[in-house]
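**Student:** Once you've had a glance at the structure underneath, I'll fire off some questions.
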Number of protein chains: 2
Amino acid sequence: MALKSTLRDRRRLQTSREIQRAALSLALSQGYEGLTTEMIAAEAGISQRTFFNYFLNKEAAIIGETVSFDEETVAWFRESSGPLVPDLLQALRRLLCSSDLDRGMSQLIDRLLNKAPELVPIFYGSLKRLSDQLSDLAVLRLGQDARADADLLAEAISHALADTFRIWANDDAMAPDSIVDVTTARLLVLRGFLDQL
Amino acid sequence: MALKSTLRDRRRLQTSREIQRAALSLALSQGYEGLTTEMIAAEAGISQRTFFNYFLNKEAAIIGETVSFDEETVAWFRESSGPLVPDLLQALRRLLCSSDLDRGMSQLIDRLLNKAPELVPIFYGSLKRLSDQLSDLAVLRLGQDARADADLLAEAISHALADTFRIWANDDAMAPDSIVDVTTARLLVLRGFLDQL
DNA sequence: CACAATAATGCATTCTGTGCAATATTTGCT
DNA sequence: AGCAAATATTGCACAGAATGCATTATTGTG
């Protein structure tokens, strides 16, 4: 029964994206304040009840589906003998490569965050999930004892990445491939600060 | 009219703490799932309506009041000519000194976060507010152009601090004064990772 | 085509959160 | 103390969020 009906899955993903698109465009045009789940459902052409079948809550619809590392990447990372941090960045490269990035959607999100700053914490909550995955990867190589250190590193990397994402969303000339490069540059800036200690 | 009725203010702070205590203890004993604002209000001896006069929402009651840098510290920081990062840590030292830390409450929070991990994002949202304040401080010295860099640095520092807080909450032998010292040590660990780049 | 699995929907219900008006309490002042 | 203004608490009504459950529609399979 595993890996069957991909047609259904594609429809599901499509509907999910349509709901997110509806939520973002309504939030941008009418304001997030006063945006109701009924409005989103109507705009997406579904019932309110179906909206809640796709997303746990209104905020999740704004954020959209979450990405995660595939098994091959995890396996590769575990076996690799290179230095930890570059390997984590390489894993991110693979992740961004597999998940097809939608610059238009990212732009909408960025504009919404500027217009409705109260949503920023929601996105940081979502970013935390990526950070947790990075931390899990790091722990594969450092051992559970280093969980706190892994968390700290993963937070820094994921925030640098989020930073870079905003840059990428607003720069049509920037290639997706260079995202992790810019993220690395951001991390070097951070290291520069920490050299003051 | 400024700086008047401190009696009223103290009562207000006391009620606020009592509500948070009620929320935390109920969440720990009965579980956060199924905890209603009416239950919290009843436990705290106030009406549900009054609960919402103190906190914008249920989650805010769990987190409690937010701290912020006082004007003297901001002024000191702006004028100081020392290196940026140590000065930021010094500002944190002053902040922790002025806000009287309640280890018992911190312990309750830490236990609740272990029991109900779905609340972790809430706390990261709250941590973000501290991070924003740190970033504002840094921008005073770096200029608005360096906002992105300041954000990155502030995130790293605030996460290292949050880390340290959990350690402090569970170690009765650890003095509040040493919190920032341990935070600095955490930041050095992070720098060690970044040296791999 | 028929049947099983899955998805969409309507409906009732509980809880969150807000606005507003009424009531109670506190504070400053004489 | 006693009065008036400011502030806090409360009850009530209401709109929206989110869930459970039963029903209906759609879709994939043999």
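**Student:** Checking B:V74 against (1) within 22 Å of B:P176 (Cβ to Cβ); (2) within 13 Å of chain A (Cβ to nearest Cβ), which test does it fail?
**Tutor:** (2)
**Student:** Filter segment B:155-186 for residues that are farther than 22 Å from B:L113 by Cβ and within 11 Å of another protein chain (Cβ to nearest Cβ); which is least open to solvent (accessible area, probe 1.4 Å)?
**Tutor:** Filtering first and then ranking leaves B:T184.
**Student:** Search segment B:22-35 for residues being away from chain A (no Cβ under 14 Å), loosely packed, with under 15 Cβ neighbours inside 10 Å and under 24 Å from B:G125 (Cα atoms), and hand back the single one that is farthest from DNA strand D (Cβ to nearest atom). Write out each step before concluding.
**Tutor:** Filtering segment B:22-35 for residues away from chain A (no Cβ under 14 Å) gives B:22-32, B:34-35.
Cutting the leftovers down to loosely packed, with under 15 Cβ neighbours inside 10 Å gives us B:25, B:29-31, B:34.
Remaining after also requiring under 24 Å from B:G125 (Cα atoms): B:25, B:31, B:34.
Numbers: B:S25: 19, B:G31: 14, B:G34: 11 Å.
So, considering only residues that are away from chain A (no Cβ under 14 Å), loosely packed, with under 15 Cβ neighbours inside 10 Å and under 24 Å from B:G125 (Cα atoms), the one farthest from DNA strand D (Cβ to nearest atom) is B:S25.
**Student:** Quick test of your reading of the structure: A:T6 fulfils all but one of (1) out of contact with any helix residue (DSSP H, G or I) (no Cβ under 8 Å at 6 or more places or on another chain); (2) open to solvent by 40 Å² or more (accessible area, probe 1.4 Å); (3) of a type in the set (S, T, Y); (4) more than 10 Å from DNA strand D (Cβ to nearest atom). Name the failing condition by number.
**Tutor:** (4)
**Student:** Same structure, new question: Of all residues in segment A:42-55 being within 12 Å of DNA strand D (Cβ to nearest atom) and outside any loop (DSSP other than H, G, I, E, B), which is nearest to the other protein chains (Cβ to nearest Cβ)?
**Tutor:** A:F52
**Student:** I would also like to ask the following. Determine whether A:I109 is within 12 Å of another protein chain (Cβ to nearest Cβ), β-branched (V, I, T) and open to solvent by 10 Å² or more (accessible area, probe 1.4 Å). Before the answer, list the steps.
**Tutor:** Values: within 12 Å of another protein chain (Cβ to nearest Cβ): no; β-branched (V, I, T): yes; open to solvent by 10 Å² or more (accessible area, probe 1.4 Å): yes.
When the stated conditions are applied, A:I109 does not pass them.
**Student:** Anything in segment B:142-153 that is in a helix (DSSP H, G or I) and more than 13 Å from A:R191 (Cα to Cα)? List them, or say none.
**Tutor:** Let us first name the residues in segment B:142-153 that are in a helix (DSSP H, G or I), namely B:142, B:144-153.
Result: B:L142, B:Q144, B:D145, B:A146, B:R147, B:A148, B:D151.
One line per residue, one yes/no per condition, for (1) within 16 Å of DNA strand D (Cβ to nearest atom); (2) under 18 Å from the mean Cα position of the chain (by Cα):
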residue	(1), (2)
A:L13	yes, yes
A:Q20	yes, yes
A:T37	yes, no
A:I40	yes, no
A:N57	yes, yes
A:T73	no, yes
A:E79	no, no
A:S99	no, yes
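The values are calculated or read from the model by the stated rules, or taken from the named source; none is laboratory data. Not measured: the values here are computed from a predicted model. Don't worry about glycine lacking a Cβ; one is built from the backbone with ideal geometry, like all the others, and counts go over all protein chains shown. Heads up: the accessible areas ignore ligands, DNA and RNA and are worked out on the full protein's heavy atoms, side chains in. Shrake-Rupley method; radii C 1.70, N 1.55, O 1.52, S 1.80 Å.
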